[in-house]
1. Going toward the positive end of the dipole of region 356-494, with +1 on Lys and Arg Cβ and -1 on Asp and Glu Cβ, which of Leu410, Ala382, Ala461 do you reach last?
2. Within region 278-319, report the chymotrypsin sites (Phe, Trp or Tyr not before Pro) that DSSP leaves as loop and that have at most 15 other Cβ atoms within 10 Å.
3. When all alpha-carbon pairs of the chain are counted, what percent fall beyond 38 Å?
4. Convert each backbone phi in region 517-530 into a coupling constant with the Karplus relation 6.51 cos²θ - 1.76 cosθ + 1.60 (shift: θ = phi - 60°), then list the ³J(HN,Hα) values in order as whole Hz, x for Gly and Pro.
5. Under 8 Å for C-alpha pairs, at least 6 residues apart: give me the relative contact order for region 317-418, rounded to a whole percent.
6. Kindly report the accessible area of region 401-440 per residue (heavy atoms of protein chains, probe 1.4 Å, no ligands, DNA or RNA), in Å².
7. Please list, ordered by chain and number, the residues whose modelled amide H lies under 5 Å from the amide H of Cys207; skip anything fewer than 5 residues away on the same chain.
8. Which whole-number percentage describes the relative contact order of region 349-395, with Cα contacts under 8 Å and a sequence gap of 6 or more?
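The values are calculated or read from the model by the stated rules, or taken from the named source; none is laboratory data. Nothing here was measured: the structure is a model prediction, and the numbers come from that model. With ideal geometry, Cβ positions are generated from the backbone for all residues, glycine too; neighbour counts draw on all protein chains shown. Note: areas computed on protein heavy atoms with side chains; ligands, DNA, RNA excluded. Shrake-Rupley method; radii C 1.70, N 1.55, O 1.52, S 1.80 Å.
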Amino acid sequence: MRRRPTQGSLSATGHTLLAVVVDDEAWDRDAEAPNRQMTATWDRATNELHLHNGRISYLARVLEDGSLGHLYFGPALMPGRSYWHLGHRPFEGFSNRVGEPIAREYPTGGGGDFRVPALVAEPADGSTVLHLAYAGHRILPGKPALQGLPATYVEADEEAETVEILLRDAPSGIEVALLYTVFAAAPVVARSARIRNGGTQPVRVRCAMSASLDLPDAAWDLVQLSGTWARERHVVTRPLAPGRQSIASLRGASSHEHNPFIVLARSRTTEDAGEAYGFSLVYSGNFLAEVEVDAFDSARVRLGISPESFSWTLDPGAELSVPEVVLAYSGAGLGALSDAYHWLYRQRLARGAWRDRVRPVLINNWEATYFDFGEARLLEIAASAREMGIEAFVLDDGWFGERDHDTSSLGDWFVDRRKLPDGLDGLARKVEALGMRFGLWIEPEMVSRRSRLFEEHPDWAIGVPGRPRTESRNQLVLDLSRREIVDHLFAVLRDVLGSAPISYVKWDMNRSITEPYSPALAADRQGEFFHRYILGVYDLYERLVTAFPDILFESCAGGGGRFDPGILAYAPQGWTSDDTDAVERLRIQWGTSLVYPLSSMGAHVAAVPNHQVGRVVPLHTRAAVAFFGVLGYELDPTALSPDERRAVADQVAFYKEHRELFQRGRFVRLRSPFEGDGNEVAWMTVADDRRRAVVGWYRILNDPEPRLDRIRLRGLDPADLYRVTPWPTAGDITESRNALVRGGDDLMSAGIIIASNRRETATRGDFQARLFVLEAVDAG
Ligand code: DGJ
């Protein structure tokens, strides 16, 4: 029987740091059953914490100086034993070497640890030396919510256990509550922290990381997802070197340039073998993900809000919650690491009615019309798409104010009657009469200089009084750090979304933030601006998803400029990239899949020549890439030839038939576009019960004499027999070799055969794709 905490009253929102019980009584609650599969135990004799779920262990202990030391994070260790020996002695002046690594859970500077800190806080005397000593802990069933911040959650207390450890710096009264949640179902630990000023004078927090983790060696490759607009989240791998290496965003959003996610992997780690640690920050604003390798070859990893653009003043009694980091460990390669994140982010981060529903196939009018449309044109597109089986029509930018180009009207969220004489309601009802859902694009956080909103409230746009504001895409950013602006946007958007049968919203955000400053904040609190901005975004999202629980929200930021776990908690899918070229999308979707599930990735078939790169990729290949995600079309369907229309109708029907697999199956990466010459790429998605799968294989440039290729599949049942059916069936040599029943062992050990004869090689050309459907057949 699990004993629940009898003291303290940590609320469901987890605010009340003071309620953490201290010392002896906390130790008394530690006799947890050690043989449970998932346990959070605190051993009273050794002062050790052991989080365990049968796959991973996370260990910490109170050191002799009272600070909280880190012992271990990795493959599960036997519960009920002491791992005291894995820790370091705390710094003791000259009895140990200055700067020798001491692994601590939440390191601070100035006390003999010269590596990057987790916390820098300045009490009234201007010092930054803190000694955070253990003051108590408690173990909670389940997982409390984080105040005002998106976070992973549980649906039943049995799914997870949370340990809250209170640390206190006695001279200043600064308190830190460290939160650790171990989930039963995945090899992950979610960490976050709350900083509280328990003193009598204001404290300035200059750095408050979400987590810091010390690893005992530095023989790791740092894997990051980097790029820019239209080529987001490419996989970049580099070996760790002595010193600091980091990725960060200072743009006000998590950014196209770097995703708030890193992996440390051994150089020999592959998709299905070897060790990897994942670090994923559940946050959408300025961030830092950093690894420091010290002279003793230990590696310190820290993630959190970027300290470069942050400070926060805590008045006496005030507290600050920092975002969550999800740590994951895999001893079985990057694939298993992704499996853990995919499950957690699809099932216990994404929320709302659409979390578990299959998503509609949509047509978006952006690349078909840009700003140049009227109701008749839109209905023509919708009707034409409907004939091919498409289920939703999404009206993109240009429906409001006088938005004929990108120089005006953002902020004026009233319908442009020149274009839509019957209003949104009229259009939406006509779309619904076609048997389709209606979706709408909005960009709430922005304002155009040429807009009524700007005329009325020029001071609502972010900028430093007396200095010019930098425009980007001819627009300014509204100051969402201010409550009254969030209130205004909520009221306006509630009216818009309530004015018509809207069942889908694409929430865009098309520029980075410059001249960060809010007149609503005191001069010495301007360091709070960026974080308060993102809290405002979260607040607006929360209010809108609560008011409209049946609307499917899709996030977007000039494509994938804010594609992160923070936003995923509100919008269960995101527009992966503005780049719809299938070749580029192989790289983008592969990289994105390292951490994000297929259900989160909007993937569209667009016209050729492609609007971003001018490439002409066959329609089949464009679809064969877009299938692995949430399918949509972003082209003018009325411009398609009869053959193309038949092909699109077949694609939509095929996708619907296998939609569960494409959106919710286990995604298995087989051949990387980032390895070798990257010319051939393969991946697959497998049903949970392993009875169905779809494999995608892609060759970018054709070869005159291509090799006989075999792709070893993964994730099948070796004992099952699978019917292998190429799609669409065309009777070529590859198909004749595979169109038979083969064992799961055969397909995984020998591989699916990609063969071509000369005739095919000559006719297939560049940018080929092949798809294979695998269905288990009962032997007999
Ligand atoms: C950027 C988005 O990524 C595009 O899909 C489109 O919605 C445009 N903005 C509209 O301005």
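1. Ala461
2. Sparse-neighbourhood loop chymotrypsin sites (Phe, Trp or Tyr not before Pro): Phe296.
3. Considering the chain, 41 percent of its Cα-Cα pairs are separated by more than 38 Å.
4. 5, 10, x, 6, 9, 5, 3, 7, 10, 5, x, 8, 4, 4
5. Values: 75 pairs, mean separation 20.6, N = 102.
That works out to 20 percent.
6. I get 41 Å² per residue for this part.
7. HN-HN under 5 Å from Cys207: Val120.
8. Relative contact order, region 349-395: 58 percent.
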